[in-house]
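For reference, the structure discussed in these notes is given below.
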Amino acid sequence: MIRRMLTAIALAAGLSAAPAALAQESPVEPPAGPATAAAHLHDDWDAILRAHVRGDRVDYMALAGRDLGKLDRYLLRLAAVNADTLPAPDRVAFWLNLYNATVVRAVCARWHEGWRPDADAFALFKAPLVRMKAGEITLDMLEHNVIRRRMMDPRIHAALCCAAVSCPPLQPRAYLGATVDSLLEVDMRTFVMDRTRNRFDPATRTANLSQVFEWYVRDFGGEARRAEILDSFSGLDTKGWTVKYLPYDWALNIVGSAAAPAGKPGKGKQK
């Protein structure tokens with residue numbers, strides 16, 4: 001049922017004390033030669049995630065200390081790949097992994113005590129950090145011009161992790177073409193039912209939603225279709241419910257950070 005609805009949408013339309021910075025960004029040239037086979041392209045990223053994702057937080061300090069070289073090599077391999085030559089499921093996995101891995105690498109380069117992903121007017125998302133075979137683009141361009149526009153699948157909004165406490169959490173595994181569809185189903189259901197990010201109150205018939213569902217309501221096919229999709233993942237019937245939006249916490253999702261507090265709808269700014 002949910003996949004039919006998503007297809008219809010597509011047819012209608014991507015701490016403790018620490019150094020001042022964990023690591024520095026340094027431009028490097030992609031390696032020569034053919035790209036790694038898609039089946040094993042994301043092995044290093046998968047290993048990094050399994051080692052450093054702790055629940056819905058990331059141990060950036062441990063990653064920077066032990067696996068930064070592995071992450072750099074992984075991003076270089078992605079930069080050598082022409083994603084358009086990949087089968088469609090592998091292409092979806094490629095874009096999602098590229099976004100999340102680039103965000104993690106950028107956090108390792110920029111982190112200092114008190115740093116947040118929305119620092120300097122969301123500069124993280126406006127710098128040309130994403131390395132691709134055709135050149136460098138920003139994270140905003142990758143998300144809005146590539147992933148949203150080409151995939152037209154609202155489930156991606158439960159898979160892209162912008163490194164903030166309130167964003168969908170980074171999962172402890174990479175996306176692979178063979179399993180990406182089922183993983184997106186799991187990610188969306190997990191995100192919808194996470195009470196730190198979405199809360200449903202049948203007694204008051206109120207849905208307190210993440211602002212992700214406000215910012216990208218058009219990707220979900222409008223408010224009515226969005227409600228249908230949310231009901232499919234939550235098992236509820238929220239037709240006619242009052243919809244409010246929870247405050248969006250842009251604090252870094254680093255190990256040791258607190259969950260977003262409950263409260264009145266905030267005025268979170270879409271990046």
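The values are calculated or read from the model by the stated rules, or taken from the named source; none is laboratory data. Everything quoted here is computed from the prediction, not taken from an experiment. Backbone-built Cβ (ideal geometry, glycine too); neighbour counts: all protein chains shown.
What the table below lists for this structure:
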{"read-out": "All positions within the stretch 82-107 that are touching a helix residue (DSSP H, G or I) at 6+ places or on another chain (Cβ under 7 Å) and in a loop (DSSP other than H, G, I, E, B)", "value": "LEU86"}
{"read-out": "Residue satisfying condition, being more than 18 Å from PRO117 (Cβ to Cβ), crowded, with 20+ Cβ neighbours inside 10 Å, of a type in the set (Gly, Ala, Ser) and at pLDDT 95 or above, within set ALA203, ALA227, ALA163", "value": "ALA227"}
{"read-out": "Check on PHE125, touching a Ser or Thr at 6+ places or on another chain (Cβ under 9 Å), of a type in the set (A, V, I, L, M, F, W, C) and surrounded by 20 or more Cβ atoms within 10 Å (Cβ to Cβ)", "value": "yes"}
{"read-out": "Filter result (part of a helix (DSSP H, G or I) and either within 13 Å of LEU236 (Cα to Cα) or hydrophobic (A, V, I, L, M, F, W, C) (or both)) within the stretch 186-203", "value": "VAL186, MET188, ARG189, PHE191, VAL192"}
{"read-out": "Where ARG197 falls short, out of the listed (1) farther than 12 Å from TYR248 by Cβ; (2) in contact with a helix residue (DSSP H, G or I) (Cβ under 8 Å, 6 or more places away or on another chain); (3) buried (at least 18 other Cβ atoms within 10 Å of the Cβ)", "value": "(1)"}
{"read-out": "Options LEU183, LEU176: the member that is in a loop (DSSP other than H, G, I, E, B), under 17 Å from the mean Cα position of the chain (by Cα) and at pLDDT 95 or above", "value": "LEU176"}
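One line per residue, one yes/no per condition, for (1) under 21 Å from the mean Cα position of the chain (by Cα); (2) on the phi > 0 side of the Ramachandran plot:
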position	(1), (2)
THR196	yes, no
ARG205	no, yes
ASN208	yes, no
ALA227	no, no
ASP231	no, no
SER234	yes, no
LYS239	no, no
THR242	no, no
TRP250	yes, no
